[in-house]
Amino acid sequence: MLEIRNLVVKIADEDKQILNGLNLTVNDGEVAAIMGPNGSGKSTLSYVIAGKEDYEVLDGEILLNGENVLEMEADARAAAGIFLAFQYPLEIPGVATMTFLKAAMNAQRRARGEAELLTPDFIKAVNGAADKLGIAKDMLRRPLNVGFSGGEKKRMEILQMALLAPSMCILDETDSGLDIDALRIVADGVNALRDKNRGFLVITHYQRLLDHIIPDTVHVMSQGRIVKTGGKELALELEKSGYAAYVEAA
Amino acid sequence: MSVVTPLKTAAEQALSAQFAAAKAELPGALPVRKLREDAFAGFELKGLPHRRLETWRYTDLRALLREARPLAVTAAVTDAVRARLSALVLDGIRLVLVDGVFVPELSTLESLPDGLNVHSLADALVSGREDIARVLSGPGVADADAGLMLNTALMRDGVFIEIAAGTELSHPVAIVSLASGEEERAIFHRSVVLAGHGVQATIVEISESAGPAASQINGAIVFETGDESDVQHLRMVTRHAPETVQVQSLLATVGAQANFESFALVCEAGTLRQQYFVRYAGEHTTIGLRGVNLLGGSEHSDVTLVMDHEVPHGTSREMFKSIIGGEGTGVFQGKVIVRQYAQKTDGNMKSNALLLNDGATMFNKPELEIFADDVVCGHGATVAQIDGEQLFYLMARGLPRPQAEALVLLAFAGEAVEFVQDETLRALVMAEIEAWLGKREASSVVSAI
């Protein structure tokens with residue numbers, strides 16, 4: 001379970017405050033969507049949860065299963081179960097995708113005091129997960145995300161999510177840059193990972209993604225806080241009426 | 001205009017005395033003696049290279065060499081030397097220099113393949129071969145360099161390798177140059193590789209120190225490669241005491257429709273100046289110079305190169321990657337000369353550095369001197385820090401910071417290492433880089449605790 005209480009955040013080197021007392025709870029097994037206009041702080045929220053250093057938390061706390069993660073570095077948060085699917089996954093030239101996947105899986109296992117994966121088990125796990133997402137073997141041999149299309153990068157994010165088996169998944173604008181077929185593959189991948197022990201926070205501009213990943217709850221974010229919470233029908237309402245009413249309300 | 005005669009430094013005076021005392025016993029037939037005399041006279045006029053010379057601006061050898069160590073005269077084959085040689089993972093033919101002196105007993109000379117001929121440089125210098133002066137001199141752009149003059153004057157030994165036309169060597173030939181590191185000595189060595197028409201060969205140069213004493217090393221290697229040859233060169237300068245001061249010169253004259261590629265790995269090399277003087281002697285030739293510099297402590301690595309395109313249709317590729325921590329200093333000075341008739345020259349030069357902390361420094365100075373009007377030449381020099389976005393991405397997947405950094409750094413260096421064609425050698429280079437990064441990773445874990 002993810003609980004965010006009164007989170008106030010500014011950009012580290014600037015006086016610009018982005019999150020202004022944000023409260024949010026995502027229960028195990030719940031798929032929560034956050035919608036909001038550009039500049040409302042959605043991506044900042046995802047980065048702050050994952051532990052990016054460019055921000056300064058002025059107040060509040062982020063609890064994962066009751067434990068405050070704000071003191072942890074990004075790698076420790078990952079090992080604790082937080083996974084951020086990036087809006088723009090980074091290209092890492094020179095690092096083979098397989099090398100990276102193995103390093104990530106084993107680093108998390110080590111951090112949790114588990115034994116490292118044996119190579120045959122690792123390869124089996126990757127191949128199984130890659131098949132489901134339609135990821136070709138050739139892609140796994142290439143340097144991580146280098147020269148991948150937008151759709152391939154997003155599929156690679158979901159592959160990582162499947163392999164690392166986090167308890168709290170944050171999807172930052174996962175639908176951006178995807179055509180409808182790629183969107184369906186990615187959504188199917190996410191839906192396959194839905195589990196009573198796993199929470200999802202799906203950040204998006206558009207209703208479109210939520211046709212494929214049906215949320216349990218929908219939150220509207222504006223000017224750095226949650227201004228309305230409802231069921232999945234709220235997303236449809238927003239699609240019709242736009243965000244204007246909420247921007248004013250905030 | 002007044003003529004200023006600078007005072008000689010203590011080291012310069014000592015070098016003059018050493019040359020006067022040693023010139024009678026240094027090996028060489030008459031033409032070689034003349035070459036030595038001329039070179040030393042040239043050196044005496046110039047003195048040790050210093051920062052007011054544009055080509056030595058960032059590596060002030062005059063300031064660095066406060067004292068000239070006694071010349072190494074014989075090979076000190078110590079237990080440490082033997083231990084290092086037996087630990088060395090290297091297939092193929094080994095030619096071993098200890099303290100700059102060729103040691104046949106430690107070398108594998110008994111089963112040289114057909115077409116490969118090896119002598120000591122000392123033997124070649126006294127052999128009376130008529131082309132010796134030309135062979136030793138290399139490209140004209142090297143003539144004015146005082147570091148090389150000193151090498152010419154004082155070179156004691158090395159290996160002289162001749163590869164007959166048409167020979168394809170299936171294994172690398174390694175020149176393993178160990179400083180015994182027993183006492184602080186000055187080592188002057190030079191090796192020559194003459195590769196005939198159509199030769200395919202890989203030459204490895206290892207420069208290491210077996211003991212703790214800091215040496216002053218002035219080494220040179222001269223390549224003369226024939227038309228349609230493909231010669232690969234790998235140099236690894238590692239395991240030296242931090243106070244070591246080295247100049248390593250590479251001179252290459254490359255024939256037509258040929259390929260010559262050199263890669264240099266530098267780590268734990270103390271203060272090192274690598275200088276390349278390369279001449280295109282024939283058309284449609286491709287030359288690549290690449291390298292990785294891993295610096296920490298107060299280490300200093302200078303890569304200065306001159307590519308002289310005299311003829312049309314030459315291709316040159318330079319790529320140097322530097323990772324600099326501590327108070328380390330990296331220098332890259334790359335000059336590509338395209339002479340008037342060298343049309344259709346295709347040149348691309350890159351120097352990329354990553355600085356790991358505030359104390360690290362990199363000087364980049366790419367230069368293009370183009371006198372032809374139909375050429376494609378470019379250069380790029382960057383100095384940056386580890387990309388924070390990449391680092392965050394890797395950490396967000398669970399990699400601890402030191403491991404994430406090591407992965408990014410390995411990938412950064414790997415881009416240049418990819419060009420080492422021999423798979424075994426490429427793995428050897430990567431293993432050295434990983435070991436260096438591993439040490440760094442381990443020490444950063446300690447400091448984090």
Assign one of three labels to the range B:37-103, namely rounded, prolate or oblate, based on the Cα gyration tensor with a ≥ b ≥ c the square roots of its eigenvalues; rounded applies when a/c is under 1.5, prolate when it is not and a/b is larger than b/c, and oblate otherwise.
prolate
Note down the nm distance, to one decimal, between modelled labels 7 Å out along Cα→Cβ at B:ASP114 and at B:VAL73.
4.5 nm
Shielding by other protein chains, A:73-86, mean Cβ within 10 Å:
4
Excluding residues on the same chain fewer than 8 positions from A:LYS232, give the aspartates and glutamates whose Cα lies under 16 Å from its Cα.
A:GLU30, A:ASP211, A:ASP216
For the range B:128-166 and the range A:202-246, what is the separation of their Cα centres, given in Å?
76 Å
Surface/4 estimate of mean projected area, convex hull on alpha-carbon atoms of the range A:2-249, nm²
13.3 nm²
Packing-based order for B:18-27, A:91-100, B:156-165, using average beta carbon neighbours within 10 Å, highest first
B:156-165, A:91-100, B:18-27
Write down Rg/Rh for the protein assembly as shown, rounded to two decimals, with Rg from the C-alpha atoms and Rh from the Kirkwood relation over Cα pairs.
1.08
Classify the range B:389-449 from the C-alpha gyration tensor, please: rounded if a/c falls under 1.5, else prolate or oblate depending on whether a/b exceeds b/c.
oblate
Label point 7 Å out from B:GLU367 along Cα-to-Cβ: which residues of the range B:311-346 have amide N under 16 Å?
B:331-339
Lys/Arg +1, Asp/Glu -1 at C-beta; chain A dipole; positive extreme among A:VAL31, A:ALA136, A:GLY41
A:ALA136
Between B:VAL376 and A:ASN191, what is the FRET efficiency for a Förster distance of 51 Å, r being their Cβ-Cβ separation, to the nearest 0.05?
0.50
Using only the Cα atoms of chain B, build the gyration tensor, take square roots of its eigenvalues as a ≥ b ≥ c, and label the shape rounded, prolate or oblate: rounded if a/c is under 1.5, else prolate if a/b is larger than b/c, else oblate.
rounded
Expressed in nm², what is the orientationally averaged projection area of the convex hull enclosing the Cα positions of the range A:1-79?
5.2 nm²
Distance in Å, no decimals, from the C-alpha centre of the range B:260-292 to the one of the range A:1-79 is 50 Å
Helix-only mean residue ellipticity at 222 nm, the protein assembly as shown, DSSP H runs n ≥ 4 weighted -39,500 (n - 2.57), per residue, nearest 500. What is it?
-9000 deg cm²/dmol
Expressed in nanometres to one decimal, the distance between label points 7 Å along Cα→Cβ at B:ARG52 and A:SER176 is 5.8 nm
Inter-label distance for A:ASP28 and A:ALA12, nm, one decimal - labels placed 7 Å from Cα along Cα-to-Cβ
3.4 nm
When DSSP assigns beta bridges and you keep just the ones with both residues in the protein assembly as shown, what percent turn out antiparallel, to the nearest 5?
15 percent
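Bear in mind that the values in this text are calculations on the coordinates, not laboratory data. Quantities reported herein were computed from a predicted structural model and do not represent experimental measurements. Reconstructed Cβ throughout: ideal geometry from the backbone, glycine too, with neighbour counts over all protein chains shown.
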